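Before any comments, here is the structure.
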Amino acid sequence: MLKKQRDFLRIRHAKEYLDGVRKNPFFFRAPPKRLLMVGGIMLGIVLFTFGAIKLTYLPAFRLNNIAVSGTIVILPEDIQNSIRETIFSHGYPLVAKDNVYLINRHAITEQLQSSFALSNVNIVKNGTSLEIHVEERVMTVALRTKEKTLFLGLDGAYVRDATVEESRAIDVRIGTVTATEGEIVIPLQQDMPIILDTQNDPATSLPIESIQHILNISSELSSRGIMVKTYSFDGATALFTRVDTNESYDLYFDLNNPVSDQMSALAAIMIKPDFVAPAEYIDLRFGAYVYMK
């Protein structure tokens, strides 16, 4: 009987120890090696993540300058402010949003093209600086009549009258006047077509077809290194235009025929070895027959 009671008490006391009821708090029981390994891995991940986050805040990786080039009418400061807003609204959580290696360039490009009249945006990272080169998109056409100068939209419809300063800038661009020393000429869109109505025609709009032809002519000539000063129209419904260029000659285009065909005719004569630039004009209005004077 005593032996059974002894064995019972031994088993009970052992169970109480294993269950922690009689566990001595001053004795440390080492955790299993698996728990130590898991704990070490988790601690390493936490420390690595914290270190990586802190690394993004180092001055050597932070954006310190935004350089903007190529603007004519748009203020560079407006583009810089838009870029900064985009950077801080598209950054990643916890890390430095202005870290040059984490900046979302695609988001910047989309934001600039949706906020400004730009045909192209090029972003280059140079150290801790961003170099932004933009090309402004032509949004208006200048029409000068004998009475005034006004701006038309790309659909040929009236937009507004030109200000005195803008009219002066147009005069300077086309060479009818010269800017005085120290004069600040208001900027104009770089490739904005300037149409001169040579008739006493109080026109305030032009057919959209004429505008499209003018834009195509401007693009084609620019790609060939020929810069346009003005387009002369004999009235708002003119069938052809005389293009004043930076060359020694002007060009005549038919506004009812495809510009590409007329440009092909121009290219065909210019590539000839015996081509000599005329003193007055090249007339492209008659298909395969090109006249020069």
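The values are calculated or read from the model by the stated rules, or taken from the named source; none is laboratory data. None of the values given here were measured: they were computed from a predicted structure. All Cβ positions, glycine included, derive from the backbone under ideal geometry; neighbour counts span all protein chains shown.
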Would you mind listing the strands (runs of 3 or more DSSP E) fully within region 141-237 where at least 2 residues are of a type in the set (D, E, K, R) and in contact with a strand residue (DSSP E or B) (Cβ under 9 Å, 6 or more places away or on another chain)?
158-161
Any hit, region 207-226, residues being within 15 Å of Arg144 (Cα to Cα) and touching an Asp or Glu at 6+ places or on another chain (Cβ under 9 Å):
yes
Looking for something part of a helix (DSSP H, G or I) and more than 21 Å from Glu166 (Cβ to Cβ) - is there at least one such residue anywhere in region 114-134?
yes
Examine region 170-183 for a residue that is surrounded by 14 or more Cβ atoms within 10 Å (Cβ to Cβ), closer than 26 Å to Gln262 by Cα, in the same structural domain as Asp250 (by TED's automatic domain parsing) and at pLDDT below 90, and state whether such a residue exists.
yes
Please work out if Ala142 is in contact (Cβ under 8 Å) with a residue 12 or more places away in the chain, buried (at least 16 other Cβ atoms within 10 Å of the Cβ) and more than 17 Å from Leu63 (Cα to Cα).
yes
From (1) in a helix (DSSP H, G or I); (2) surrounded by fewer than 16 Cβ atoms within 10 Å (Cβ to Cβ); (3) at pLDDT 75 or above, pick out the condition that doesn't hold for Ile83.
(2)
For the structure I just gave you, tell me whether Ser260 is within 30 Å of Glu135 (Cα to Cα) and surrounded by fewer than 12 Cβ atoms within 10 Å (Cβ to Cβ).
yes
Of the residues in region 257-291, how many are small (Gly, Ala, Ser) and under 19 Å from Val228 (Cα atoms)?
6
Any chance you could count how many residues in region 63-80 are free of Cβ contacts under 8 Å to residues at least 12 places away in the same chain and exposed (fewer than 13 other Cβ atoms within 10 Å of the Cβ)?
2
Exactly one of Asn65, Asn104 is closer than 30 Å to Val185 by Cα, at pLDDT 85 or above and either assigned by TED's automatic domain parsing to the domain that holds Ser129 or touching a helix residue (DSSP H, G or I) at 6+ places or on another chain (Cβ under 6 Å) (or both), and that residue is Asn65
What are the residue pairs meeting all of these: first residue in region 215-232, first residue among the polar types (S, T, N, Q), second residue crowded, with 16+ Cβ neighbours inside 10 Å and part of a helix (DSSP H, G or I), Cβ atoms under 7 Å, and 6 or more apart or on different chains?
Asn216/Val259
Using the structure shown, decide if Tyr289 is among the hydroxyl-bearing types (Ser, Thr, Tyr) and modelled with pLDDT of 90 or more.
no
